[in-house]
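For reference, the structure discussed in these notes is given below.
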Amino acid sequence: MNPVLWQIGPVTVYSYGFFLAAGFAAGTYLTAKTAQRCGIAADFVWDLALVVCAAALLGARIGFVLLEWPYYRLHPQEILRVAEGGLSFHGGLILAVVVGVWFCRRRRYNPWQMADIVAPAVPLGTAIARIGCLLNGCCYGYVTDLPIGLPAALGDPRPRHATQIYAAILNLALFVYLQRKREHRRFPGYLGLLYLILYSVLRIVVEIFRESRVLFGSIKVAQAFSLLVIIGAGLTIHLVEIRRRAKGTFSD
């Protein structure tokens, strides 16, 4: 674990913030290249990325603070220390989607088309960001006796499931899969919806090994939210397919 990547005089570069920024840059670069092939200006993509990034960071921090409110209620001075870690992916996702759709419509771009373009880049950026989680010592798993266990935090030598690595590997696999599915979209927005479903499935799996807040019984908060996303995205795909078949039948 190495929370501080570099210390240059009074400037501290945190591992978490560095890899979060690296993931954002890599994902945006890939999105811009793909968008250009679709006739969309790269300048728009970078504008969209900056707006969505700000929204995602805000939503992710708000979500994390709400989940950990008993702690932050007693330590309000730490709420704004984002570079040191503490973001909720689902909180960031909600606000990023809302703001992203609004920005696309304002600039007269189809948000469904942009969702397909962005979809493969998100797991790539997430995989890179998870390296920051590993070095920061956050998002760790349960204590394990398996040889793959790693120490998670300073002062705690017990080996734990390296759920940050699990998540990084699964996100890289998802990135490769979505890249290959790019030419086989059923309709505009399909790739974006497919990403939501598959990411939520892998998140449910990772949460089995991760030490995180429980909603009830053995169900984690992230698992419950992921299940809602799967249902919502799955129903959307199903309804769109029904409409497409109905239009095809009517046309015949």
Of all residues in region 76-127, which are in a loop (DSSP other than H, G, I, E, B) and out of contact with any Lys or Arg (no Cβ under 9 Å at 6 or more places or on another chain)? Arg81, Gly85, Arg107, Arg108, Tyr109, Asn110
Kindly establish whether Asp145 is farther than 18 Å from Asn2 by Cβ, surrounded by 17 or more Cβ atoms within 10 Å (Cβ to Cβ), among the charged types (D, E, K, R) and over 11 Å from the mean Cα position of the chain (by Cα). no
Here are the criteria: (1) within 28 Å of Val65 (Cα to Cα); (2) modelled with pLDDT under 90; (3) touching a helix residue (DSSP H, G or I) at 6+ places or on another chain (Cβ under 9 Å). Tell me which single one Ala127 does not satisfy. (2)
What is the number of the single condition among (1) surrounded by 21 or more Cβ atoms within 10 Å (Cβ to Cβ); (2) out of contact with any Ser or Thr (no Cβ under 9 Å at 6 or more places or on another chain); (3) modelled with pLDDT under 95 that Phe64 does not meet? (2)
Looking at region 205-224, which of the residues that are under 22 Å from Ala173 (Cα atoms) and of a type in the set (A, V, I, L, M, F, W, C) is surrounded by the most Cβ atoms within 10 Å (Cβ to Cβ)? Val206
Filter result (in a helix (DSSP H, G or I) and either farther than 17 Å from Gly189 by Cβ or touching a Gly at 6+ places or on another chain (Cβ under 9 Å) (or both)) within region 219-230: Val221, Ala222, Gln223, Ala224, Phe225, Ser226, Leu227, Leu228
If we keep just the residues of region 67-108 that are crowded, with 18+ Cβ neighbours inside 10 Å and aromatic (Phe, Trp, Tyr), which is nearest to the chain's Cα centre (by Cα)? Phe89
Name the pairs: first residue in region 22-44 and buried (at least 16 other Cβ atoms within 10 Å of the Cβ), second residue of a type in the set (D, E, K, R), Cβ to Cβ under 6 Å, at least 6 apart or on different chains? none
For region 221-234, pairs from a residue that is among the aromatic types (Phe, Trp, Tyr) to a residue that is assigned to a helix (DSSP H, G or I), with Cβ under 7 Å and 6 or more apart or across chains, are Phe225/His90
Which residue out of Leu193, Leu135, Leu202 is of a type in the set (A, V, I, L, M, F, W, C), part of a helix (DSSP H, G or I), surrounded by fewer than 23 Cβ atoms within 10 Å (Cβ to Cβ) and in contact with a Ser or Thr (Cβ under 7 Å, 6 or more places away or on another chain)? Leu135
Taking region 77-99 as the search range and keeping residues that are at pLDDT below 85 and of a type in the set (A, V, I, L, M), which one is nearest to Met114 (Cα to Cα)? Leu87
Any residue in region 172-185 that's farther than 11 Å from Ala121 by Cβ: show its pairings with residues that are buried (at least 17 other Cβ atoms within 10 Å of the Cβ) and among the small types (Gly, Ala, Ser) at Cβ separation under 6 Å, as long as the two are six or more apart or on different chains. Leu172/Ala127
Give just the number: which of (1) over 14 Å from the mean Cα position of the chain (by Cα); (2) under 30 Å from Val13 (Cβ atoms); (3) aliphatic (A, V, I, L, M) does Ile208 not satisfy? (2)
Give the residues of region 19-43 that are touching a Phe, Trp or Tyr at 6+ places or on another chain (Cβ under 8 Å), farther than 15 Å from Phe175 by Cβ and part of a helix (DSSP H, G or I), sorted by residue number. Ala32, Ala35
Do we find that Thr28 is out of contact with any Pro (no Cβ under 9 Å at 6 or more places or on another chain), under 27 Å from Ser226 (Cβ atoms) and among the polar types (S, T, N, Q) in this structure? yes
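The values are calculated or read from the model by the stated rules, or taken from the named source; none is laboratory data. In this text the structure is predicted, and so the values were computed from the model without any measurement. Note that each Cβ is placed from the backbone with ideal geometry, even for glycine, and that neighbours are counted across all protein chains shown.
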